[in-house]
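Right, one structure below, let's go through it.
Laboratory data are not the source of any read-out in this text; all were calculated from the coordinates shown. Source: prediction; values computed, not measured. Note: ideal-geometry Cβ built from the backbone for every residue, glycine included; neighbour counts use all protein chains shown.
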Ligand SMILES: [Zn+2]
């Protein structure tokens, strides 16, 4: 299968679904990742242009660890708009290129606006990617792809319907997270949290709920024709 995960900021996929992506890759599937925002505002000292470049490097290092091909839509932080047609078109091209069997993205009720807009963008672009008369470099894809929403930050307000046992890939997930050095500093200063501990704790909590050491949680978008009869998650 082809798996496409679309996160907002450069480190969001590492937080919520990198254990699952690592498993997919181990099972021989093709994994594509994409971040919509470039992360240019996520630091107290590093200036936006420099940070944008640095965060792309951090993202590529993390993607390499799980053997994923990584894309960016390169929108500035705090300016992600799901109605921006240029951005929609760029995302359509990524979706068409990856030709996914399923897409993972943010829950529409996640904790900040850029995440919510990314969820909406993904929903819109994955429909539009099937429309022949919208022209991009890659041709249209054949069907409207199932979407799985990944856990919200700290799991708040999110009721999972499916869990993935990531015990085998938890250390890989944390290693990928540690590629985002700028964010470990930012989260310590801006949010007063130990970022790797935060992510391990969330995975352990979802594991507790599903009777395994570590898990990631998802729920599938329940709209026609995105519903499936067979399990697509590992
Ligand atoms: Zn984020």
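The simple Förster model, with R0 at 25 Å and r as the Cβ-Cβ distance, assigns residue 154 and residue 188 a FRET efficiency of 0.95. The simple spin-label model puts a point 7 Å past each Cα toward its Cβ; for residue 161 and residue 131 those points are separated by 2.6 nm. Computed on the range 1-118, the Cα convex hull volume stands at 97 Å³ per residue. Cβ-Cβ distance of residue 99 and residue 60, R₀ of 25 Å, FRET efficiency by 1/(1 + (r/R0)^6): the value works out to about 0.70.
Overall form of the range 76-162: oblate. Here a/c, set by the Cα gyration tensor axes a ≥ b ≥ c, is 1.5 or more, and a/b is not larger than b/c.
The stretch between residue 232 and residue 171 holds 19.6 nm of extra length on full extension. This uses 0.36 nm per residue minus the Cα-Cα distance. Two numbers describe the Cα atoms of the range 2-220: Rg and Dmax, which are 16.3, 48 Å. Volume per residue for the range 158-234 equals 124 cubic angstrom (convex hull of Cα atoms). Reducing the range 110-182 and the range 1-48 to their Cα centroids gives an inter-centroid distance of 8 Å. Note on residue 86/residue 112: beta-carbon distance plugged into 1/(1 + (r/R0)^6) with R0 of 35 Å gives a FRET efficiency of 0.95. One decimal place: the segment residue 204-residue 79 gains 41.7 nm when fully extended, by the rule 0.36 nm per residue minus the C-alpha distance. Convex hull volume of the Cα atoms of the range 118-199, normalised per residue: 173 Å³.
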